[in-house]
1. Given the options 79, 84, 137, name the one that is within 28 Å of residue 31 (Cα to Cα) and part of a loop (DSSP other than H, G, I, E, B).
2. Any chance you could count how many residues in region 63-76 are under 20 Å from residue 149 (Cβ atoms), without any contact (Cβ under 8 Å) to a residue 60 or more places away in the chain and part of a strand (DSSP E or B)?
3. Please work out if residue 113 is in contact with a strand residue (DSSP E or B) (Cβ under 9 Å, 6 or more places away or on another chain), at pLDDT below 85 and over 23 Å from residue 35 (Cα atoms).
4. Is it the case, given these coordinates, that residue 143 is exposed (fewer than 13 other Cβ atoms within 10 Å of the Cβ) and either closer than 21 Å to residue 67 by Cβ or in contact with a helix residue (DSSP H, G or I) (Cβ under 9 Å, 6 or more places away or on another chain) (or both)?
5. Could you tell me which numbered condition residue 51 fails, if it satisfies all but one of (1) part of a loop (DSSP other than H, G, I, E, B); (2) within 22 Å of residue 32 (Cα to Cα); (3) modelled with pLDDT of 80 or more?
């Protein structure tokens, strides 16, 4: 669902949720969930300092306008753990298959905000606003509020 780190422009990504069932997702079997954190780890490939490449996410909540806020954690296997916020919306659509239409629930990427490498953040949702408080050791916290329309 995320764009690659090398992408300079926002991605236009939509996922057909019914098309993501068992056997259709190459990463399906490598997923664990614990205490609200869903983690995928690439099996059979060990990377740098932290081992195999991993991707994890935590659903933080839903804004008043229906946008879901998800915090992601991504590592290519080295020492970096790159964090982002994804803004997602569920939509209904129709898809034509052979001789009929079927209902197609979609998950659409509305926006993304990078938080950085091993970010020490506190994230709060209220109404249609996301407040991000970045805490850096020995420095005054930086606070940013984003209004999501």
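The values are calculated or read from the model by the stated rules, or taken from the named source; none is laboratory data. In this text the structure is predicted, and so the values were computed from the model without any measurement. Glycine gets a Cβ as well: all are built from the backbone with ideal geometry, and neighbour counts include every protein chain shown.
1. Details: 84 fails: part of a loop (DSSP other than H, G, I, E, B); 137 fails: within 28 Å of residue 31 (Cα to Cα).
After ruling out the rest, the residue left standing is 79.
2. Filtering region 63-76 for residues under 20 Å from residue 149 (Cβ atoms) gives 63-70.
Then drop every residue that is not without any contact (Cβ under 8 Å) to a residue 60 or more places away in the chain, which leaves 66, 68, 70.
This time we only want the ones that are part of a strand (DSSP E or B), so: 68, 70.
Of the residues in region 63-76, 2 are under 20 Å from residue 149 (Cβ atoms), without any contact (Cβ under 8 Å) to a residue 60 or more places away in the chain and part of a strand (DSSP E or B).
3. On the way: in contact with a strand residue (DSSP E or B) (Cβ under 9 Å, 6 or more places away or on another chain): yes; at pLDDT below 85: no; over 23 Å from residue 35 (Cα atoms): yes.
No, not satisfied.
4. Details: exposed (fewer than 13 other Cβ atoms within 10 Å of the Cβ): yes; either closer than 21 Å to residue 67 by Cβ or in contact with a helix residue (DSSP H, G or I) (Cβ under 9 Å, 6 or more places away or on another chain) (or both): yes.
Answer is yes for this residue.
5. In the conditions (1) part of a loop (DSSP other than H, G, I, E, B); (2) within 22 Å of residue 32 (Cα to Cα); (3) modelled with pLDDT of 80 or more, residue 51 misses (3) alone.
This table checks each residue for (1) surrounded by 13 or more Cβ atoms within 10 Å (Cβ to Cβ); (2) over 30 Å from residue 140 (Cβ atoms).
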site	(1), (2)
57	yes, no
70	yes, no
77	yes, yes
92	no, yes
111	yes, no
114	no, no
119	yes, no
